[in-house]
Every structure is written in structure tokens, then in C-alpha cells.
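Let me begin by presenting the structure, written as C-alpha cells, before commenting on it.
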Amino acid sequence: MDPVRLHDSMSREVRELPAGSSGRFRMYVCGPTVYGPAHIGNFLTFVRFDVLYRLLQLAGYQPLYVRNITDVDDKTIKGAISGGQPLEEFTRKWTERFHEDCRALNLLEPDVEPRATGHIGEQIRMVEALVEKDHAYVGGDGSVYYRVQSFADYGKLSHFDPEALRQQATNSAGTVNLSDEYERDSVADFALWKARKESDGPVFWESPWGPGRPGWHLECSAMSLKYLGSGFDLHGGGEDLCFPHHENEIAQSEAATGEAFARHWMHSVHLLVEGKKMSKSLGNFYTLADLVGKDFHPAEIRLAMLGGHYRQQFNFTLAGLESSRSGLGKLESAVASLLDTAGLEPSDWSGFVGPRLPREWGGFKNAWAAFRNDLNTPAVLGALFNGLKKARSSAGDAESARLSLEAAGALVFALGLELFARPRPEDQAVEIPGEITRLAELRWTAKKDRDFAEADRLRDELAGKGWLVLDRPDGYGLQPKS
Ligand SMILES: [Zn+2]
């Protein structure tokens with residue numbers, strides 16, 4: 001196993017991840033709420049955890065990845081009712097859309113993807129355990145609330161000041177303006193089980209406290225413990241989830257089980273779009289479909305996303321997507337040239353892309369080190385480009401080209417980059433001059449005849465005339481140099 005170091009939000013330190021405590025590295029990530037298309041800010045978070053999952057596979061951690069689907073909450077219920085659909089039908093439609101977008105962005109499927117509505121029994125049992133241990137009580141409105149004061153460690157993840165909380169709790173019984181909070185003992189207390197309201201329409205389940213539905217925080221505790229058990233290895237999500245969502249998950253889970261919940265916490269910092277917080281009113285709110293509609297390929301979008309470190313605010317711009325477009329072309333062109341040198345066909349590339357360590361990292365050693373040092377994807381990309389450039393210009397023999405391809409293939413797997421996935425320029429409306437086509441045909445013939453020197457000469461001649469040749473499994477593509 002090659003150790004990976006990662007920042008932990010609770011200790012605020014970069015620490016080496018230990019091997020999974022049960023033979024597998026057990027990780028849980030808070031998934032989407034399925035009431036509409038996810039936006040690129042959501043996908044930035046999911047792409048980063050996908051990269052972590054891939055990296056852990058490559059480094060030998062044998063990760064077990066659980067990412068949930070929130071399919072019941074205020075927004076999903078509202079959407080279903082206003083669309084005149086049963087909740088299940090409404091959330092299924094948006095879950096399918098989420099999966100389509102994930103596939104387009106080349107996200108691996110998690111090992112388990114539990115749905116909140118599929119685990120109502122587990123959630124009710126957890127509330128029962130908390131009521132029994134006096135960590136929860138039935139409030140004035142019939143909902144069940146978690147008594148935050150009963151958990152001494154509350155605030156340990158987000159470094160929330162418990163004294164301020166106690167102050168609030170004291171005030172809530174007295175004179176402070178909390179008239180709408182009468183049903184709870186303290187403003188900090190949160191709902192574990194929500195009593196049925198008229199606005200819930202047909203969405204409710206029977207429970208020992210009457211009809212209702214689970215509170216949002218509860219599902220992640222119930223499902224992570226069910227599939228991973230107490231003391232699992234890593235819990236993650238977007239930075240906005242740190243408080244109160246993850247703080248509440250810890251309080252519920254540790255109070256219910258009496259055991260430590262998760263060993264390591266990872267949070268992904270949100271993006272800015274064109275320098276501003278994404279919002280519909282600013283016109284910088286993008287779904288994946290919006291960007292594809294602007295003619296960007298999901299592989300270009302993914303590459304752009306990897307250009308930011310997960311703990312730094314990342315500015316996502318259309319200009320950045322343009323440079324990802326040419327960056328991806330450079331990667332493809334370098335890989336195609338190494339395949340040529342190795343005497344391999346373009347279709348052989350997929351054989352290099354997988355969770356296997358190369359025989360040696362060679363010129364890609366820095367990229368592998370940056371990857372394992374707090375998931376520094378911008379540095380990984382820089383080192384990958386450099387490594388490829390050097391490997392290509394050193395005009396080595398077939399064996400050294402093959403070694404470079406192994407190392408690059410492992411890195412490209414962990415980054416989740418899809419090379420040669422974009423439509424060929426000839427499928428688009430690009431006019432290719434007859435002379436260029438003739439040279440490209442000559443080069444393809446030379447290559448098939450294994451006259452690599454002549455093929456290389458023709459590739460250079462084409463490059464001199466402003467055209468890049470991209471070899472593909474079933475032929476070649478031509479692309480004007482940008
Ligand atoms: Zn969660």
C-alpha cells in the first residue's frame with residue numbers, strides 16, 4: 001500500500017490515512033437531494049470524492065464507498081406535490097438524471113447507494129434508541145427532537161463553541177425572541193422525526209410517535225452505520241455540510257451507539273463561477289446540460305474541475321473550460337505519440353487506464369507524490385503534462401514508451417480523465433483541405449505498414465501545416481491546432 005495523506009476537518013491536520021480498519025477503507029459521502037438537476041457546484045464535490053475513491057483504489061486501500069440519495073425532504077415533497085406526481089416517481093426521475101450526469105462526467109458508481117426512503121425502519125430504530133437513552137424527547141408539535149445539551153462533545157467537528165450554545169439554551173426558556181420555537185426545549189435542538197404536516201400531503205410513515213417522516217440529518221447516520229459500521233474510516237461532503245449536518249450526524253450516532261462515529265472528515269470547498277457565488281439571478285448558475293449546450297464536452301469540464309485544490313476556493317470560468325479543451329488535446333496528442341513509439345494501436349490505450357500501479361513511476365514520480373499529498377490535483381496535472389512532454393521528446397525506445405504509458409495510465413485512471421472521448425473533428429463541421437486529408441491518409445498507410453519513421457515524418461509535416469493527428473481505435477482524427 002502507498003500511503004495517502006489527507007486533511008482532517010476535525011483535527012485540522014494533514015494526516016496519513018491508515019489502512020481500513022476492517023480490511024477495506026470504509027468511506028461515506030453525503031449524496032444529492034433529488035428534486036432537480038444537480039449544478040456544477042454539486043458535481044465539483046462529487047468529482048473530488050470520485051478522485052479520492054479512485055486514488056485509494058490505486059494506492060491499495062480497497063475502498064468501500066457509500067454515497068446516499070436524499071429522496072425525502074421539504075424540497076422533494078414540494079416538487080412532487082406541485083408536479084402532481086407520487087414522491088417516488090418524482091425522485092426516481094431526478095435520480096436517473098443524476099446518474100446520467102455522473103456517467104457523462106466519468107464518475108465511478110459507489111459500492112452502495114442507499115435511499116433515505118428505503119431505510120425508514122433503521123431511522124425509526126435509531127430515534128427509539130436515542131429516546132430511550134434520554135438524548136431525544138417528543139416536542140410540543142409531536143416531532144421528536146435531539147437534545148443537543150445531552151451530548152457533551154457537540155461542536156467538536158466544526159469547533160462550534162458549546163458555551164454559546166448553552167447560553168442559547170438558557171435563553172430559550174426565558175425572554176429571548178423565540179416565540180416560534182416553543183415546541184423545542186432549545187433552539188439548537190434539531191428534529192429527528194418530523195410529525196406529519198398538512199403540506200406533506202400523502203408523504204408520511206407510521207412510527208411510535210405517530211405519522212411523520214425522518215429529519216434530514218438522521219438518514220446519513222442510519223445508513224452509514226448500517227453499511228459501514230461504527231468507527232468507519234472517512235466521512236465527507238461539501239463544506240456547507242460541516243455544520244450543522246455533520247455535527248448532528250456525530251451527535252446522533254455516537255449517542256445512539258456509544259462508539260466513535262467516523263475517523264476522518266473531508267470537506268470540499270465550494271466554487272465561484274466567473275468570480276462570484278453561483279446564483280440564478282447572476283446568470284452564472286450552470287447545470288451540466290447548460291455547459292454541454294455551450295459545446296463543452298464533459299471530459300473538458302472534468303479536467304477544468306481538477307484544476308482547483310479541494311481546500312481552496314476555485315473560480316470556475318468559461319475561459320478555463322476553453323483552456324481545458326486544448327489541454328485535453330495536448331494530453332491526447334502526447335499519449336498517441338507514445339503509443340506510436342511503443343508500436344501499439346490507439347485501441348491499446350484503454351489497457352493502460354486502470355487501478356494498477358506501474359512497474360515504475362519514472363518521470364511521473366512527482367505526480368504520484370502530489371496525488372498522495374492531500375489530493376493536490378492541480379500539481380498532479382502539472383506533473384503529468386511535464387512527464388508526458390519529457391517522455392515524448394526523449395525519443396526513447398518502445399519499452400520506455402510503454403513504461404511511461406503505464407505511469408500515465410494509472411494517473412489518468414485516478415483523475416478519471418477520458419481521453420479520445422470527444423467527437424472527432426470530422427464529425428463536426430470542420431472543413432479539412434484535400435491536401436491535409438491526402439497527407440493524413442499517407443501517414444495512416446505508413447503506420448499500418450509499420451513504417452513508423454515515415455508516419456512520424458508525415459505527422460510533423462501535418463503539424464507544420466497546422467493540423468494535429470489524433471489516432472483512435474478505428475482510424476485517426478484531424479484537428480486544427482489551436
Ligand atoms: Zn449526510
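Observations
- Taking the Cα atoms of the stretch 5-268, the ratio Rg/Rh between the radius of gyration and the Kirkwood radius comes to 0.97.
- Hull volume per residue, based on the alpha-carbon atoms of the stretch 282-427 and their convex hull, is 117 Å³.
- In terms of packing, defined here as the mean over residues of other Cβ atoms within 10 angstrom, the peptides 72-85, 303-316 line up highest first as 303-316, 72-85.
- Order of SER150, SER281 - criterion: other Cβ atoms within 10 Å of each residue's Cβ, fewest first: SER281, SER150
- Trypsin sites (Lys or Arg not before Pro) restricted to DSSP loop in the stretch 1-40 with at most 15 other C-beta within 10 Å: ARG12
- Rounded to the nearest whole Hz, the Karplus-based 3J(HN,Hα) values (6.51 cos²θ - 1.76 cosθ + 1.60, θ = phi - 60°) of the stretch 455-472 follow the sequence 4, 5, 4, 5, 4, 5, 4, 5, 4, x, 8, x, 10, 9, 9, 10, 7, 9, with x at glycine and proline.
- Amide proton proximity set for LEU468, modelled H, under 5 Å, gap of 5+: GLN479, LYS481
- Toward the positive end of the charge dipole of the chain, with +1 on the Cβ of Lys and Arg and -1 on the Cβ of Asp and Glu, the farthest Cα among ALA251, CYS220, TRP265 is that of TRP265.
- On Cα atoms only, tilt of 434-448 relative to the major axis of the chain in degrees: 90
- In angstrom, the C-alpha Rg and Dmax of the chain are 26.3, 89.
- The phi-based Karplus calculation (6.51 cos²θ - 1.76 cosθ + 1.60; θ = phi - 60°) puts the 3J(HN,Hα) values of the stretch 326-342 at 6, x, 5, x, 5, 4, 4, 5, 5, 5, 4, 5, 5, 4, 4, 4, 6 Hz, whole numbers, x for Gly and Pro.
- Comparing ALA116, GLY236, LEU303 along the charge dipole axis of the chain, the residue lying farthest to the positive side is LEU303, per the Cβ-charge model.
- Selected from PHE98, ALA401, LEU44, residue furthest toward positive end of dipole (the chain; charges at beta carbon): ALA401
- Put a plus charge on the Cβ of each Lys and Arg, a minus charge on the Cβ of each Asp and Glu, and nothing anywhere else: the dipole of the stretch 5-268 about its Cα centre is then about 620 debye.
- Calculated FRET efficiency for the pair ARG12/VAL138, C-beta based, R₀ 30 Å, to 0.05: 0.20
- Total charge dipole magnitude, the chain, about the Cα centre, Cβ charges on Lys, Arg, Asp, Glu only, Debye to nearest 20: 980
- Using alpha-carbon coordinates, inclination of helix 377-393 to the longest axis of the chain, degrees: 10
- Hull shadow area, averaged, the stretch 425-480 [alpha-carbon convex hull, nm²]: 3.6
- Mean ellipticity per residue at 222 nm, deg cm²/dmol - from DSSP H runs of n ≥ 4 across the chain, formula -39500 (n - 2.57): -13500 deg cm²/dmol
- Mean Cβ neighbour count within 10 Å, used as a protection proxy, ranking 350-358, 208-216 highest first: 208-216, 350-358
- Compared with the dominant principal axis of the Cα atoms in the chain, helix 398-415 is inclined by about 20°.
- For the residue pairs LYS389/LYS448; LYS156/LYS197; LYS133/LYS226; LYS93/LYS194; LYS294/LYS481; LYS93/LYS481, the alpha carbons lie more than 31 Å apart in LYS156/LYS197; LYS93/LYS481.
We did not get these values from a lab; they are worked out from the coordinates using the rules stated. Worth saying up front: this structure is predicted, and the values here are computed from it rather than measured. When we count neighbours, we look across all protein chains shown, and the Cβ atoms used for this are built from the backbone with ideal geometry, even at glycine.
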